[in-house]
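First comes the structure, then the notes that go with it.
Taken together, the values in this text are just the output of simple stated rules run on the coordinates, not laboratory data. Keep in mind it's a predicted model, so treat the numbers as computed, not measured. In this analysis, Cβ positions are derived from the backbone assuming ideal geometry, glycine residues included, and neighbour counts consider all displayed protein chains.
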Amino acid sequence: MLFRFLVRFRLMKFPARVSLSLFLALAPVTFAAPQDDQYVLGPDSQVQKGVPQGKVTQMPAWTNSKIYPGTTRDWWVYVPAQYKPEQPANVMVFCDGGGFVKADGQFRVPVVFDNLIAKGEMPVTIGLFINPGVFPTSNPKDKPRSNRSFEYDSLGDLHARFLIEEILPEVAKNHKLTDDPEGRGICGNSSGGICAFTVAWERPDAFRRVISHIGSFTNIRGGHVYPALVRKTDKKPLKVFLQDGKNDLDNQFGNWPLANQDMAAALKFAGYDYQFVLGEGTHNGKHGGALLPDTLRWLWKK
Amino acid sequence: MKHTLLILSLLVSTSLAQDTSLHDYLVEGEPWKEAAGGFTFTDGLCCDKEGNLFFTDVKAGKGIYMLDVATGKTDLFLDNLPGISGLQIGPDGRFYACHNKEQRIIAITMKGEVEVLLTGVKCNDLVVSKTGNLYFTETPTLSVHLITKDKKHVVADAGKVQKPNGITISPDERTLVVSEHGGKHVWAWRIEDDGTLTGGEPFMTMWLPVGKETASGDGATTEANGRFFVTTELGVQIFDPAGRLAGIITKPTPESKVVSVEFAGKDHDVLYIAAGDKIFGRKVKVKGYF
């Protein structure tokens, strides 16, 4: 078994019967529901004594994008303690990076990287945590328009080019990064999940390892065509991990569990090196977060 | 109970963020109904605060017509202004119009007094912001123009948008939106403090009719929660504030050519479209921004 499922059932705690029924009636597609509670973080997602800790640096906001003119975005770089400037490091990009980099979030990627790298269970990897762009105005009270859906849900090579032409060269100014696409991965949730796949699909010369949690392979901006494309396109050298939950979204854009099953079936049909985990969760990162250490062990295995 | 309220408020906020399906805001048993007829080529829909609907008959009409919200009857409102293709009431209570036939942008008082703001432009459609900046499309030159509140004229964008046609603005008036008549995108820009446009991109993608390369995007308006309603060959296409196509409201008949859209009615919850010789309306569960 590649995956040791971290299943720990917990008793559901609710203050009153009325709120439980309300919760069950309205909640299934919006946020963590009772069926998500079985997914909890294991020891590899906790800070462990004696394990060297990498360094997370928040970079100056990226404001001069030529691919996405007018946007600004926050981003962070994680450099593992084991990184040596003379040795090119692997690279892993996280879409919606602000959530993945959080020390108390659903993924805690820097902690997981620290633990796995220390045990030699994944290579020395620099993590790039990048938020989608926004269009801020002169008034800080205005809610800036988000460019997330345009950047993540669109098919095509725009986001791959953004990473390859803008972000990677900026990081390479101060860090030695591998040029080997086998050493480059990308991970995301929901629209970030389809974005991760799109980046590698468009540019397998640059990124070959993909993690998609609750990926939006639905028709938000045409991404529902991927299963058909995968079946009819010559096999690309990608390694793909997909996770979804049976209780994920079903809305005007499509049905997430069906779309992910369709993706998995297409990857299988075309002979891809892939893994698909279909759990019971809703549209959030709890299951993906609980799996992440195992996912990374599998993803980076040669 | 406090906890229940907390959960409820969380649910409301998250479900809004996720946006809703078209099926949630159309009303069962409320299809398109003819609201006015006997014209040639209706266009330029706009509304006033009371919910009256104004429009033009751009190829044959006399001026500006009004569909009275109280009586449901339509009459000529202002005479001797033929050939207006885009119309809106500005913050000063005057009409602003793309006087396509005369190749000029004008302001018109409710009594019909005309002020010429700009001449020599093949203007198509316009939107006026609450601060008084006027944006209009010039379809043949692929341009989006700005006339600032101080009446300065600026070409705000040129050459990128394929036959810019319909135009509208976000409820925070920080995003300008323009539909392509000769492509499949609806573009969006940030509106800077001086009214100029930056960061333009093909933010939304319209659904194409089978076998066609263009969606024939035309008139556009804004729903109170920031959704954009854009007329196309297939019908009225709806985009949520994230720019995602959320639904398509089919045309009244397959032959209808829908070129303009606006919310009007007492509660601004009747969606009107200009479809050739007729104006159609249908009650919906959302309201207009204008």
Semi-axes, largest first, in whole Å: what does sqrt of 5 times each Cα gyration tensor eigenvalue give for segment B:165-237?
-> 23, 13, 8
For chain A, shape from the Cα gyration tensor axes a ≥ b ≥ c, cut at a/c of 1.5 then a/b versus b/c, turns out rounded
Among B:H153, B:H99, which comes first, second and so on when ranked by fewest other beta-carbon atoms within 10 Å?
-> B:H153, B:H99
Once A:D104 and A:K66 are pulled to full extension, the length gained, defined as 0.36 nm per residue separation minus their Cα-Cα distance, is 10.4 nm
From the Cα gyration tensor of segment A:127-183, with a ≥ b ≥ c the square roots of its eigenvalues, which class applies: rounded if a/c is under 1.5, or else prolate if a/b is larger than b/c, or else oblate?
-> oblate
Could you check which residue among B:G217, B:G61, B:G93 shows the biggest mean-square fluctuation in a GNM of chain B with a 10 Å Cα cutoff?
-> B:G93
How long, wide and thick is segment B:2-283, going by the Cα atoms along their three principal axes, in whole angstroms, largest first?
-> 61, 46, 42
Share of Cα-Cα pairs in the protein assembly as shown beyond 47 Å, in percent?
-> 22 percent
Pairwise centroid distance, computed over Cα atoms, of segment A:141-211 with segment B:26-96, Å | 48 Å
Is the shape of segment B:152-290 best called rounded, prolate or oblate, per the rule: a/c under 1.5 gives rounded, else a/b larger than b/c gives prolate, else oblate, with a ≥ b ≥ c the square roots of the Cα gyration tensor eigenvalues?
-> oblate
Using θ = phi - 60° and Karplus 6.51 cos²θ - 1.76 cosθ + 1.60, couplings along segment A:90-100 (whole Hz; Gly, Pro as x) = 5, 10, 9, 9, 10, 5, 6, x, x, x, 6
Treat every Asp and Glu Cβ in the protein assembly as shown as -1 and every Lys and Arg Cβ as +1, leave all other atoms uncharged, and give the resulting dipole magnitude about the Cα centre to the nearest 20 debye.
-> 1560 debye
The distance between the Cα centres of segment B:118-177 and segment A:105-125, in whole Å, is 51 Å
Return a whole-number percent for the relative contact order of chain B, with Cα pairs under 8 Å and 6 or more residues apart as the contact set.
-> 16 percent
When B:I64, B:I248 are ranked with the fewest other C-beta atoms within 10 Å first, the list becomes B:I248, B:I64
Count the net charge of all other residues whose Cβ sits under 9 Å from the Cβ of A:L116, scoring Lys and Arg as +1 and Asp and Glu as -1.
-> -1
Per-pair calculated FRET efficiency, R0 = 60 Å: A:K232 and B:N80 via Cβ, rounded to 0.05 | 0.50
Given labels modelled 7 Å from the Cα in the Cβ direction, how far is it in nm from A:F269 to A:E121?
-> 3.5 nm
Under a straight-distance cross-link criterion of Cα-Cα below 17 Å, which aspartates and glutamates are reachable from A:K232, leaving out those fewer than 8 residues away in the same chain?
-> A:E202, A:D262, A:D273
Per residue of B:238-246, what is the mean number of Cβ atoms on other protein chains within 10 angstrom of that residue's Cβ?
-> 5
Within straight cross-link reach of A:K173, meaning Cα distance under 26 Å, which lysines are found once same-chain residues fewer than 8 apart are removed?
-> A:K55, A:K66, A:K84, A:K102
Exposure-ranked with fewest Cβ neighbours within 10 Å first, B:T231, A:T57, B:T198, A:T282 stand as A:T57, B:T198, A:T282, B:T231
How about B:K151: which lysines have a C-alpha closer than 27 Å to its C-alpha, ignoring those fewer than 8 places off in the same chain?
-> B:K49, B:K101, B:K111, B:K122, B:K130, B:K160, B:K163
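Treating only the Cβ atoms of Lys and Arg (+1) and Asp and Glu (-1) as charged, compute the dipole magnitude of segment B:151-228 about its Cα centre; round to the nearest 20 debye.
220 debye
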Output field shielding_mean for A:147-153 (other chain Cβ, 10 Å radius) holds 4
With r defined as the distance between the Cβ atoms of A:E170 and B:K122 and R0 fixed at 45 Å, what FRET efficiency is calculated, to the nearest 0.05?
-> 0.55
